[in-house]
1. THR46: net charge of surrounding residues, Cβ under 10 Å, Lys/Arg +1, Asp/Glu -1, itself excluded?
2. Calculated from DSSP H runs of 4 or more alone, at -39500 (n - 2.57) each and per residue, what is the 222 nm mean residue ellipticity of the chain, nearest 500?
3. Can you give the net charge of the other residues whose Cβ lies under 15 Å from the Cβ of MET217, counting K and R as +1 and D and E as -1?
4. What are the residues whose amide H is under 5 Å from the amide H of ALA306, where those residues sit 5 or more places off or on another chain and H is modelled from the backbone?
5. Which residue, chosen from ALA272, VAL27, GLY133, occupies the Cα position most advanced towards the positive end of the dipole of the chain, where the dipole is computed from +1 (Lys, Arg) and -1 (Asp, Glu) charges on Cβ about the Cα centre?
6. Using a 7 Å offset from Cα along Cα-Cβ at GLU4, what residues in the range 109-134 end up with backbone N under 17 Å from the label point?
7. For the chain, what is the charge dipole size about the Cα centre, in debye to the nearest 20, if Lys and Arg each add +1 at the Cβ and Asp and Glu each add -1 at the Cβ?
8. Gap in Å between the Cα centre of the range 1-72 and the Cα centre of the range 115-194?
Amino acid sequence: MKAESLRWDSRNGNLVLLDQKCLPSEVRWVVCSDHSEVAKSIENMTVRGAPAIGIAAAYGMVLAARGGGLESVRASAERLAATRPTAVNLFWAINRMLDIAERAPSSVTLAETLLDEAMRIHAEDVDANRAMGLFGQELLPRKCAVLSHCNAGALATGGYGTALGMIRSAREQGKEVRVFLDETRPLLQGARLSAWELAEEGFEVTVICDGMAGALMKKGEVDAVIVGADRIASNGDFANKIGTYGVAVLAAEHGIPFYVAAPWSTFDTSIASGEDITIEERDEEEIRALPGGKRIPDKVRVWNPAFDVTPARLVTAFICEKGVFRFPFDFRK
């Protein structure tokens with residue numbers, strides 16, 4: 001099946017989310033009929049990925065408007081903004097929807113006005129992904145092997161994908177691309193999600209443990225690393241799934257280009273550097289639970305940051321719908 005993270009059910013007026021916790025063993029859909037259900041789905045990672053959670057939040061505010069008008073929309077914005085702190089796309093989408101709600105004339109139906117805007121945000125994201133895919137694929141040779149970390153594909157976006165969108169676009173342009181995927185501990189977004197959506201489309205995919213990336217690079221098996229991002233500071237420091245920083249260091253050590261693909265909504269020009277990015281820490285149970293029902297002993301401490309920050313000096317180029325940006329970066333210009 002074609003990977004799809006979310007869709008609006010116009011017949012019933014609900015947001016329908018692909019439950020990514022169940023993949024790849026089960027394809028299960030979750031129906032959200034109010035904004036609180038959307039918020040819970042973002043928190044528990046039924047829907048995840050920076051662009052996707054922004055789109056989901058936009059639709060969540062539509063549900064709030066349908067149930068209670070402007071005050072309900074304002075309350076939903078506060079609730080949705082409290083779900084996950086790192087990805088700037090979430091706050092970008094919420095603020096955009098709030099601005100539309102506050103300026104909507106009393107003569108129009110608020111829910112319909114917000115639905116139009118949410119659908120516009122959704123469509124713009126797909127268009128942005130396809131545009132950056134075309135820009136980014138030009139950086140890849142005709143025959144190549146790429147490594148990606150986490151999931152920055154159709155499942156993390158409104159459709160098509162950012163990092164994986166570059167890979168899709170390269171194949172559409174006739175290039176031969178093999179893909180290596182870090183499993184991405186602790187929730188295995190690479191092994192469960194990226195591998196599933198690429199394999200469904202017939203890509204040659206190999207999953208490796210996170211700790212194998214250096215050995216793979218040393219063998220000369222990787223021509224480029226492509227990742228997504230959750231927030232990009234003005235100077236080019238960026239936050240992405242935990243483990244990205246280590247992959248970037250390894251790529252630099254082995255002279256491998258390290259590319260970051262993300263829509264312009266991920267660029268946060270209000271902050272100067274990665275030092276200003278809030279890093280979400282998640283429940284230690286995600287790490288404490290081991291395969292086969294075993295557990296890390298309770299007396300052993302667990303640290304579980306969801307993201308890390310990679311310094312700009314390790315990035316070869318950023319790719320977005322505006323084009324390709326190379327070091328040194330200053331996105332305030």
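1. Working: positive: LYS21, ARG28, LYS40, ARG48; negative: ASP19, GLU37, GLU43.
Its environment carries a net charge of +1.
2. Numbers: 9 runs with 121 residues, N = 333.
Computed mean residue ellipticity for the chain: -11500 deg cm²/dmol.
3. Numbers: positive: ARG178, LYS218, LYS219; negative: ASP182, ASP210, GLU221, ASP223, GLU253.
Overall, the nearby charge balance is -2.
4. The answer is GLU280, GLU281, ARG282.
5. Ranked along the dipole, the leading option is GLY133.
6. 119-120, 122-127
7. Numbers: 38 positive and 45 negative charges, 107 e Å.
Rounded to the nearest 20 debye, it is 520 debye.
8. 21 Å
Read-outs: derived from the displayed coordinates by stated rules, not from any lab. As the structure is a computational prediction, the values presented were derived from the model and not from experiment. As a convention, Cβ positions derive from the backbone with ideal geometry for all residues, glycine included, and neighbour counts pool all protein chains shown.
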